[in-house]
Protein chains: 2
Amino acid sequence: MSTDLKVAEVVISPAQLLAHWQGHRNVTRRVIEAFPEKELFNFSIGGMRTFAELTMELIGIAGPGLNEIVTGEKAELVEKFNPENKKANLLAMWDQTTKTINELWPKLTPARFQESIIAFGMYEGTVQSTLFYFIDNEIHHRGQGYVYLRSLGIAPPFFYER
Amino acid sequence: MSTDLKVAEVVISPAQLLAHWQGHRNVTRRVIEAFPEKELFNFSIGGMRTFAELTMELIGIAGPGLNEIVTGEKAELVEKFNPENKKANLLAMWDQTTKTINELWPKLTPARFQESIIAFGMYEGTVQSTLFYFIDNEIHHRGQGYVYLRSLGIAPPFFYER
């Protein structure tokens, strides 16, 4: 007996959702790269967080959040790191997260996506609603980064290029 | 024979994807409402479009795009309307789109989501990748609206409240 689903009958398969997430993460990586070093850590609009701070939130969510879902080990939401305000450090952490996600994903069986969970000890949902929240939250903050870049006179990467 | 899938075995069911989309559309509606009438049509940052213009793009995509997917009738991408620069008109169009989506959705059979299509005569993908693009594009532009609101000193609606 196989738990695989025929892709022809599902809205989106687990493999497709991974590609969807990593595709979005590729775009976000290009947005981080597009910021000048200084403005990445200093620039913001309307009292909002810098794009570096938003990026750290995304890094703090993705790897630890997926690890919690897959392994059941409780995750703590840590959004402040100390990358010495270096873009290269943020990008290295981003790439490490990319590997972590790829390693964890195959351990997530199809039967798990509808399971009820509490992410980071706080956020009730299902595995699927939690994963879509992670992705949507990234798109949301990255859209904000686009405004920062435009405001700095920098053309952001193409949204549709994954 | 039923084409329904047990929800326990899928990443996301068609009904869940509809709720996901409409949940996001509820948030976007609150962002439109949060703008003062004048700034909705006049304010932008870094040479970007106003939130009214972004909203018209979203309205131009959602209803016509889904109608094309469901019926096969070719859609044209129209992003400029003439709502006389009234917020009430934009909101009325938004609500009409909400109804249109709810009416069309049940006609989208589960077998269709993996079908290859060309949306608006231009954008190649599958039904699922196209629908996620519609949703993600909305989240992206709404995130930009959040920066506009913050820049205007207005607290945006909660992202997590659908």
Leaving ligands, DNA and RNA out of it, report the carbon-plus-sulfur percent of the accessible area of chain A at a 1.4 Å probe. 53
Put +1 on the Cβ of each Lys and Arg and -1 on the Cβ of each Asp and Glu in region A:21-151; which of A:PHE51, A:GLY65, A:LEU104 then has its Cα farthest toward the positive end of the dipole? A:PHE51
Given points 7 Å out from each Cα along the Cα-Cβ axis, report the B:ASN82 to A:VAL78 separation in nanometres with one decimal. 5.9
From the label point of A:ASN26, set 7 Å from Cα along Cα→Cβ, how far away are the matching label points in the other copies, in nm, ordered shortest to longest? 3.4
With the label set 7 Å along Cα→Cβ, B:GLU76 is separated from its counterparts in the other copies, in nm and shortest first, by 6.0
Summing -39500 (n - 2.57) over every DSSP H run of at least 4 in chain A, dividing by its residue total and rounding to the nearest 500, the 222 nm mean residue ellipticity is -19000 deg cm²/dmol
Run through the other copies and list how far each one's label point is from that of B:PHE120, in nm with one decimal, shortest first; the point sits 7 Å from Cα along Cα-Cβ. 3.3
Residue of chain B nearest the B-to-A rotation axis [by Cβ], rounded angstrom distance: B:GLY143, 1
Structure shown: which of A:LYS38/A:LYS99; A:LYS80/B:LYS80; A:LYS38/B:LYS87; A:LYS80/A:LYS107 lie over 32 Å apart, alpha-carbon to alpha-carbon? A:LYS80/B:LYS80; A:LYS38/B:LYS87
Using alpha-carbon pairs under 8 Å, 6+ residues apart, how would you state the relative contact order of chain B in percent? 29
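The values are calculated or read from the model by the stated rules, or taken from the named source; none is laboratory data. Keep in mind that what you see is a predicted model, and the values were worked out from it rather than measured. Don't worry about glycine lacking a Cβ; one is built from the backbone with ideal geometry, like all the others, and counts go over all protein chains shown. Side chains included, ligands, DNA and RNA excluded: accessible areas come from the protein's heavy atoms. Shrake-Rupley method; radii C 1.70, N 1.55, O 1.52, S 1.80 Å.
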